[in-house]
């Protein structure tokens with residue numbers, strides 16, 4: 001069903017599935033940065049487009065990366 | 001034996017010699033407690049995403065090793081009481 005106003009949501013695909021990633025690595029800061037906001041929060045699945053499995057793994061990876069100071073808990 | 005991945009951050013104000021000393025210490029610790037170091041990778045000095053103990057950067061060391069849980073527990077204990085180590089993270093590799 002299409003709403004009167006607003007854009008029709010585009011079908012999103014999980015980027016980890018596309019690349020056939022086996023396990024999400026906390027050391028891959030460049031890729032993980034795409035899944036956090038500029039304030040450092042983790043993007044929700046409805047925005048990142050990740051599948052459930054990879055969103056779960058990405059969340060753990062981001063939290064590990066934060067712990068070892070590769071990613072910020074908060075910025076500014 | 002399980003494969004573990006260890007990443008730790010060493011204080012940036014240590015000189016080359018002291019840094020080598022710390023890295024060697026952990027390598028030996030793993031070997032002495034029934035473990036086996038697979039490889040040690042120095043990332044070098046990196047900016048931290050946030051300040052830790054007033055330091056803005058640190059030496060990152062990434063290491064893979066084989067060992068059992070006793071190795072891991074002892075390693076964790078020593079990492080905690082080594083002042084030169086700012087942070088560490090041990091994960092198990094599948």
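Read-outs throughout are calculated quantities, based only on the coordinates presented, and are distinct from any laboratory measurement. Computed from a predicted model, the values in this text were never measured in an experiment. Methodologically, a virtual Cβ is constructed for each residue, glycine included, from the backbone with ideal geometry; neighbour enumeration extends over all protein chains shown.
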> Failed condition for residue B:14, given (1) touching a residue at least 24 places away in the same chain (Cβ under 8 Å); (2) in contact with a helix residue (DSSP H, G or I) (Cβ under 9 Å, 6 or more places away or on another chain); (3) over 23 Å from residue B:94 (Cα atoms); (4) within 14 Å of another protein chain (Cβ to nearest Cβ), with all others met?
Replying inline: (4)
> Any idea which residue in the range B:51-72 is nearest to the other protein chains (Cβ to nearest Cβ), counting only those that are under 30 Å from residue A:73 (Cβ atoms) and out of contact with any strand residue (DSSP E or B) (no Cβ under 9 Å at 6 or more places or on another chain)?
Replying inline: B:51
> Of the numbered conditions (1) within 13 Å of the chain's Cα centre (by Cα); (2) over 22 Å from residue A:71 (Cα atoms), residue B:67 satisfies every one except a single condition; which is it?
Replying inline: (1)
>> When you scan the range B:81-91, do you find a residue that is within 11 Å of another protein chain (Cβ to nearest Cβ) and out of contact with any helix residue (DSSP H, G or I) (no Cβ under 8 Å at 6 or more places or on another chain), even just one?
In response: yes
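Considering only the range B:48-70, state which residues are in contact with a helix residue (DSSP H, G or I) (Cβ under 7 Å, 6 or more places away or on another chain) and in contact (Cβ under 8 Å) with a residue 60 or more places away in the chain. If you could, list the steps in order and put the result at the bottom.
Narrowing the range B:48-70 to residues in contact with a helix residue (DSSP H, G or I) (Cβ under 7 Å, 6 or more places away or on another chain): B:59, B:61, B:65, B:67.
Across the range B:48-70, the qualifying residues are B:65, B:67.
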